[in-house]
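Down below is the structure, laid out as structure tokens.
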Amino acid sequence: MRDTGDMMPRPSSHLRIARPSRDLAKAERFWVDGLGLQVLYRAGAEAEGGHALFMLGFPGAAWHLELVGDPDGETPPRPTDEDLLVLYVGELVDEDVAGRIVEAGGQQVPARNPY
């Protein structure tokens, strides 16, 4: 049997979800103005790896979303009906909030599945 020590994830482990973005300004408008997340960290194109990026989330949360600039489309998007990033808010989203999300670049679409 292998000794895993402290290398196993725990409920309190920090989760980073990284996604490419062709337009960081547009993405920031959606996530910050539309959904109310905060920019936790930002780096310009001079950062290691040569790509601008920013990290979004809520201070102290055990997760964050990292959006990495990909203006030339080096990582082509391949969205499907099941390519989802779901943030559960615990109740129905208020129509004013839904409107703010649409104004920030989001769109309402019918759910494929009941969840």
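The values are calculated or read from the model by the stated rules, or taken from the named source; none is laboratory data. Just so it is clear, the structure is predicted and the values come from calculations on it, not from any experiment. Glycine gets a Cβ as well: all are built from the backbone with ideal geometry, and neighbour counts include every protein chain shown.
Does segment 15-22 contain any residue that is over 20 Å from V86 (Cβ atoms), in contact with a strand residue (DSSP E or B) (Cβ under 7 Å, 6 or more places away or on another chain), not β-branched (V, I, T) and not in a strand (DSSP E or B)?
Narrowing segment 15-22 to residues over 20 Å from V86 (Cβ atoms): 22.
Those left that are additionally in contact with a strand residue (DSSP E or B) (Cβ under 7 Å, 6 or more places away or on another chain): none.
No; the residues of segment 15-22 include none that is over 20 Å from V86 (Cβ atoms), in contact with a strand residue (DSSP E or B) (Cβ under 7 Å, 6 or more places away or on another chain), not β-branched (V, I, T) and not in a strand (DSSP E or B).
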### Task
For residues that are surrounded by 13 or more Cβ atoms within 10 Å (Cβ to Cβ), within 29 Å of E95 (Cα to Cα) and among the aliphatic types (A, V, I, L, M), tally how many sit in segment 60-82.
2
### Residue in segment 73-95 that is over 21 Å from R22 (Cβ atoms), assigned to a helix (DSSP H, G or I) and either aliphatic (A, V, I, L, M) or out of contact with any helix residue (DSSP H, G or I) (no Cβ under 9 Å at 6 or more places or on another chain) (or both) present
yes
### Query
Looking at (1) under 30 Å from A47 (Cβ atoms); (2) in a loop (DSSP other than H, G, I, E, B); (3) at pLDDT 85 or above, which is the only condition I101 fails?
(2)
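Criterion first (farther than 26 Å from N113 by Cβ, modelled with pLDDT of 95 or more and among the β-branched types (V, I, T)) does V68 satisfy it?
Working: farther than 26 Å from N113 by Cβ: yes; modelled with pLDDT of 95 or more: no; among the β-branched types (V, I, T): yes.
Against the criterion (farther than 26 Å from N113 by Cβ, modelled with pLDDT of 95 or more and among the β-branched types (V, I, T)), V68 does not qualify.
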### Message
It is to be established whether one or more residues within segment 8-21 are at pLDDT below 85, of a type in the set (K, R) and exposed (fewer than 13 other Cβ atoms within 10 Å of the Cβ).
### Response
no
### Task
List every residue pair whose Cβ atoms sit under 6 Å apart, with the two residues 6 or more apart in sequence or on different chains, where the first one lies in segment 37-59 and is more than 22 Å from V97 (Cα to Cα) and the second, anywhere, is modelled with pLDDT under 90 and in a loop (DSSP other than H, G, I, E, B).
A52/A45
### Task
Could you look through segment 23-59, keep only residues that are part of a loop (DSSP other than H, G, I, E, B), more than 14 Å from the chain's Cα centre (by Cα) and at pLDDT 90 or above, and pick out the one that is surrounded by the fewest Cβ atoms within 10 Å (Cβ to Cβ)?
P59
